[in-house]
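Take a look at the structure set out below.
The values are calculated or read from the model by the stated rules, or taken from the named source; none is laboratory data. Model, not experiment: these values are computed from the prediction. Methodologically, a virtual Cβ is constructed for each residue, glycine included, from the backbone with ideal geometry; neighbour enumeration extends over all protein chains shown.
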């Protein structure tokens, strides 16, 4: 399914080549000879493709589609024996590179002066050239590779027009003599498309089951109802989240009658007159059990989210010594 989607997207890359006119410019002499070409006029690359749609499962940094386009070969004759071919892609001035990406330039939305889109263009040469020793040579058909890269998690509505700019410049250089194969650097219409916001995800990467050990507590340290013990060491639940999800945390469990923040002891416990309270993120205020305590967890665009908890005993009535254990379930809901 993913492979097919990328194939369809790859086909969409052809339209924006339609207005890229590549031609041969005259040979230029720097005083050591003159190069001329045997091609009679400019050549054109005019493929076409459907609309480019980027789904929510395409992550930032993924290549959305790739296409190789091969231009015509031509002959070159120079006044000096020996030469070498150099090819480079030259983006138009003002079309800034995308920070953090290798050789990727922005694509603009709805006009050549519009805002940057969530997609970028990488252009590279596939064909390898060798130097020649005579005074003339046939320049082989040149293959150019174009890649569309997702560069941000932003969305883009359907029907958005995309614009790119830049040319391929070919220099045939026998020492100081060159000629150029190129085209206009005027921005061109790439095509239309859409980009869906990435699907947010979250999973528990550590702390799926934590134990908060309050330890032995003397009855004398809980002199009356409302007294509480010292706090356990803090334990962490660790979430791994991507694409800026909204995460809501709820703690569920059985509470002592009349309390919303005191967990009742389990049936196997032998103590009485106490319950357990949970303390979230270093707070001294006990966490409310149930939907009333639902809390939004701050998440970054992607990475690790730490959810720290500690516990303490809380006196609720007449004390009886024994074991005192309670359980709760921490639920995370995200969208």
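Residue by residue through the stretch 216-237, note down the ones that are assigned to a helix (DSSP H, G or I) and in contact with a helix residue (DSSP H, G or I) (Cβ under 8 Å, 6 or more places away or on another chain).
none
Restricted to the stretch 283-299, and to residues that are in contact with a strand residue (DSSP E or B) (Cβ under 7 Å, 6 or more places away or on another chain) and in a loop (DSSP other than H, G, I, E, B), which residue is farthest from residue 314 (Cα to Cα)?
By that ranking, first place goes to 299.
Yes/no per residue for (1) surrounded by 13 or more Cβ atoms within 10 Å (Cβ to Cβ); (2) at pLDDT 90 or above; (3) more than 19 Å from residue 63 (Cα to Cα):
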| position | (1), (2), (3) |
| --- | --- |
| 88 | no, no, yes |
| 98 | yes, yes, no |
| 121 | yes, no, no |
| 127 | yes, no, yes |
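Please go through the stretch 137-166 and pick out each residue that is farther than 28 Å from residue 76 by Cβ and assigned to a loop (DSSP other than H, G, I, E, B).
Scanning the stretch 137-166 gives 151, 152, 153, 154, 155.
Which residues, counting only those in the stretch 198-215, are buried (at least 16 other Cβ atoms within 10 Å of the Cβ) and part of a strand (DSSP E or B)?
202 - this is the single residue of the stretch 198-215 that is buried (at least 16 other Cβ atoms within 10 Å of the Cβ) and part of a strand (DSSP E or B).
State yes or no: is residue 176 modelled with pLDDT under 85 and in a loop (DSSP other than H, G, I, E, B)?
Taking the combined requirement at face value, the residue satisfies it.
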